[in-house]
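Written below as structure tokens is the structure these notes are about.
The values are calculated or read from the model by the stated rules, or taken from the named source; none is laboratory data. Just so it is clear, the structure is predicted and the values come from calculations on it, not from any experiment. As a convention, Cβ positions derive from the backbone with ideal geometry for all residues, glycine included, and neighbour counts pool all protein chains shown.
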Amino acid sequence: MLETLRIRNLALIDDVELEFCPGLNVLTGESGAGKSFILRALDFILGERIAADLVRPGREKALVEAVFHLDGEELFLRRELSAKNGRSRLFINDDLGSQERLAELRPRLLMHTSQHGQQRLLSPEHHAEILDAFLADPQILVSQREAREALQAILARKAEVQRRMAGLLERREFLEFQLAEIRKVDPRPGEEEELLRLRDASRQAEKTHALADEAQGVLLGENGLQDALTSLERALAGLGEVDEGFGEHAREVGRFRDGLSDMVRDLRALGSHQRADFDAEKVEKRLWELQQLQRKLKRSLDSIVAMGEEIEENLSFLDESGLALKRLEKDEVLAAKVLAQATTALNSAREEASVDLTAGLKSELVNLGFSEHLRVLVDFRALTIHAGIDELRPRFLWVPNPGLEAQPLDRIASGGELSRFLLAVVSLRTREQLPALLFDEVDSGIGGQTLIKVAERIRLLSERQQVILITHWPQLARLADEHFAIRKEVHDGVTYTLCASLSPAERQTELARMVGEAPPSTHEPGRMSGNVI
């Protein structure tokens with residue numbers, strides 16, 4: 001049940017809060033007063049989209065809040081619409097909610113039966129939905145849908161295997177050639193980088209050994225630096241016997257020569273280091289093979305490795321696809337058998353449900369002013385959903401008056417007749433404890449005694465289910481447990497839609513307006529209590 005609805009900054013609505021009762025809630029007002037904005041707000045809070053230009057001018061966002069009573073607890077919904085970008089945010093019990101969650105809740109919150117619903121009655125596709133709602137065992141429909149989805153999934157996999165096979169078969173020879181080229185070289189991931197590092201390390205080692213050998217040759221070779229320094233030291237020492245200064249030079253040369261021994265030791269140690277334990281020629285050859293493969297296939301080495309794995313997988317798939325198709329064909333046969341059984345059960349259930357439903361509809365429609373000779377029929381047409389499996393799709397036919405041939409609704413039903421037919425369907429379904437019912441001018445196109453009967457039926461519905469009714473007819477409005485009047489006014493050059501819950505005296509004034517009579521003198525004309533919205 002809908003307990004409270006609050007709307008702020010939506011179109012001509014500034015701020016309103018409506019408290020609904022469990023029974024019959026009626027909204028009335030002149031055409032264009034703003035009743036449609038109430039409907040838009042309800043649709044919005046239940047997941048429908050509305051345009052950003054419906055945010056009241058000068059406001060940043062529109063806000064709709066609703067409190068529902070569900071399963072013994074209160075459910076609070078809030079949804080905001082940004083004027084800047086048209087985006088909305090949904091909150092369920094003050095937590096950020098999703099459209100998927102709201103879609104799950106909506107069927108239990110409010111059922112909107114409008115003129116759009118009347119038009120859906122003209123669609124044969126919708127007739128199956130109506131009939132299926134009256135199946136004795138709803139699980140039969142669920143099982144049939146699951147069986148159909150399972151078969152469709154198998155068919156989709158089968159089609160994908162066949163499509164992939166067709167593409168690969170055309171390229172098999174080329175793929176095998178590419179794989180042979182790759183296997184011939186047999187590259188490894190990261191192999192080229194590793195070989196380049198080895199080659200660089202080898203070249204650096206060769207250069208180091210060459211320089212060490214050269215330095216040792218300068219120091220230790222024939223007529224090397226050490227021998228020359230020894231000769232120089234000896235000569236300077238001899239001169240030192242004549243001039244003491246040369247003796248000091250001789251000692252300096254000796255110290256320098258002795259210091260070179262550490263350098264010789266380090267050079268010998270460097271030269272004794274083991275050279276790279278790989279064959280540089282083989283490294284160069286391997287690098288050349290890898291580079292040739294990359295040029296041939298026009299890919300990087302890592303990409304070639306991945307391509308080889310993919311080709312192997314595809315060729316393996318081709319080898320195994322025949323068996324895969326056979327398995328899928330067996331699965332298809334089994335799934336088709338399950339679907340056939342489920343469809344047979346559904347067809348029988350629909351035929352059985354149609355008997356009780358058409359009888360119920362006839363009774364309801366007679367109570368709504370149709371001739372007692374009215375006949376409602378269901379015409380079943382076979383629709384092939386898989387080879388050898390036909391699903392019976394229902395289409396409602398009726399004979400509203402004696403002497404006529406049965407015809408589909410879309411050929412003979414007037415707007416008023418569709419309104420009553422929709423009301424009859426809803427009346428039968430409410431026995432299943434559906435949510436609050438919203439009737440938007442379901443009384444369109446009818447009048448007189450028929451209108452009175454429709455009013456009585458809606459009143460009866462409201463005794464077991466909350467009903468929200470938008471109407472222009474006083475015959476319906478007078479039955480309200482809670483009556484809201486909507487009107488439009490201009491204050492200081494700004495247009496507002498106003499709404500009020502009417503007192504008993506105000507109800508009489510509103511009913512008088514609806515029938516075109518002058519309001520009672522005890523009620524001041526042009527005044528309305530309630531919120532400015």
Qualifying residue in the range 505-513 (condition: farther than 17 Å from Asn25 by Cα and either at pLDDT below 85 or surrounded by 19 or more Cβ atoms within 10 Å (Cβ to Cβ) (or both)): yes
Contact list, first residue from the range 290-303 and free of Cβ contacts under 8 Å to residues at least 40 places away in the same chain, second anywhere and exposed (fewer than 15 other Cβ atoms within 10 Å of the Cβ), beta-carbon distance below 8 Å, six or more apart or interchain, is Gln294/Ser300
Residue check for His373: at negative phi and within 37 Å of the chain's Cα centre (by Cα): no
Among the residues that make up the range 16-37, is at least one of them touching a residue at least 60 places away in the same chain (Cβ under 8 Å), within 14 Å of Ala436 (Cβ to Cβ), assigned to a helix (DSSP H, G or I) and not hydroxyl-bearing (Ser, Thr, Tyr)? no
Unmet requirement for Ile311, which otherwise passes all of (1) within 37 Å of the chain's Cα centre (by Cα); (2) closer than 30 Å to Arg148 by Cα; (3) aliphatic (A, V, I, L, M); (4) crowded, with 17+ Cβ neighbours inside 10 Å: (2)
Working carefully through the options Leu498, Leu451, Leu476, find the one that is modelled with pLDDT under 85, aliphatic (A, V, I, L, M) and within 22 Å of Ser363 (Cβ to Cβ). Leu451
Among the residues listed as Val161, Val142, the single one being modelled with pLDDT under 85, in a helix (DSSP H, G or I) and either under 27 Å from the mean Cα position of the chain (by Cα) or surrounded by 14 or more Cβ atoms within 10 Å (Cβ to Cβ) (or both): Val161
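For (1) surrounded by 14 or more Cβ atoms within 10 Å (Cβ to Cβ); (2) at pLDDT 95 or above, each residue gets a yes or a no:
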residue	(1), (2)
Asn347	yes, yes
Arg350	yes, yes
Ala359	no, no
Ile385	yes, no
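Residue under question is Phe484, and the condition is that it be at pLDDT 80 or above, aromatic (Phe, Trp, Tyr) and in contact with a Cys (Cβ under 7 Å, 6 or more places away or on another chain); does it hold?
Judged against the criteria, Phe484 is a match.
Can you tell me how many residues in the range 103-133 are in a loop (DSSP other than H, G, I, E, B) and modelled with pLDDT of 70 or more?
4
Out of all the residues in the range 270-289, is one or more aromatic (Phe, Trp, Tyr), surrounded by 12 or more Cβ atoms within 10 Å (Cβ to Cβ) and more than 30 Å from Leu196 (Cα to Cα)?
No, because not a single residue in the range 270-289 is aromatic (Phe, Trp, Tyr), surrounded by 12 or more Cβ atoms within 10 Å (Cβ to Cβ) and more than 30 Å from Leu196 (Cα to Cα).
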Selection from the range 185-219 of residues that are in contact (Cβ under 8 Å) with a residue 12 or more places away in the chain, within 60 Å of the chain's Cα centre (by Cα) and in a helix (DSSP H, G or I): Val185, Glu191, Glu192, Leu195, Leu196, Leu198, Arg199, Ala201, Ser202
Out of the residues in the range 227-244 that are acidic (Asp, Glu) and surrounded by 14 or more Cβ atoms within 10 Å (Cβ to Cβ), state the one that is nearest to Gly217 (Cα to Cα). Asp227
Whether any residue in the range 392-401 is over 30 Å from Arg457 (Cβ atoms) and not hydroxyl-bearing (Ser, Thr, Tyr) is what I want to check. yes
Those residues of the range 1-15 which are crowded, with 17+ Cβ neighbours inside 10 Å and part of a loop (DSSP other than H, G, I, E, B), in sequence order: Ala11, Leu12
Within the range 290-308, considering residues that are touching a helix residue (DSSP H, G or I) at 6+ places or on another chain (Cβ under 7 Å) and surrounded by fewer than 16 Cβ atoms within 10 Å (Cβ to Cβ), the one farthest from Asp200 (Cα to Cα): Lys296
Give Glu181, Glu173 a once-over and let me know the one that is of a type in the set (D, E, K, R) and surrounded by fewer than 12 Cβ atoms within 10 Å (Cβ to Cβ). Glu173
For the range 460-505, give me each residue that is of a type in the set (A, V, I, L, M, F, W, C), under 22 Å from Leu2 (Cβ atoms) and assigned to a strand (DSSP E or B). Val467, Ile468, Leu469, Ile470, Phe484, Ala485, Ile486, Leu498, Cys499, Ala500
Given (1) touching a Leu at 6+ places or on another chain (Cβ under 9 Å); (2) over 30 Å from Ser321 (Cα atoms), index of the condition Leu169 fails: (2)
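Do we find a residue being in contact (Cβ under 8 Å) with a residue 24 or more places away in the chain and of a type outside the set (Ser, Thr, Tyr) anywhere in the range 235-252?
Taking every residue of the range 235-252 in turn, none turns out to be in contact (Cβ under 8 Å) with a residue 24 or more places away in the chain and of a type outside the set (Ser, Thr, Tyr).
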Filter the range 342-382 for residues that are polar (S, T, N, Q) and either touching a Pro at 6+ places or on another chain (Cβ under 7 Å) or free of Cβ contacts under 8 Å to residues at least 40 places away in the same chain (or both) and give the result. Thr344, Ser348, Ser354, Thr358, Ser363, Ser371
Within the range 50-90, how many residues are more than 17 Å from Glu104 (Cα to Cα) and not in a strand (DSSP E or B)? 16
Any idea how many residues of the range 253-273 are within 14 Å of Ala215 (Cβ to Cβ), free of Cβ contacts under 8 Å to residues at least 12 places away in the same chain and of a type in the set (D, E, K, R)? 3
Being more than 28 Å from Ala480 (Cβ to Cβ), surrounded by 15 or more Cβ atoms within 10 Å (Cβ to Cβ) and under 27 Å from the mean Cα position of the chain (by Cα), is that true of even one residue in the range 67-78? no
Given (1) surrounded by fewer than 20 Cβ atoms within 10 Å (Cβ to Cβ); (2) in contact with a helix residue (DSSP H, G or I) (Cβ under 9 Å, 6 or more places away or on another chain); (3) without any contact (Cβ under 8 Å) to a residue 60 or more places away in the chain; (4) not polar (S, T, N, Q), identify the lone condition not met by Arg420. (1)
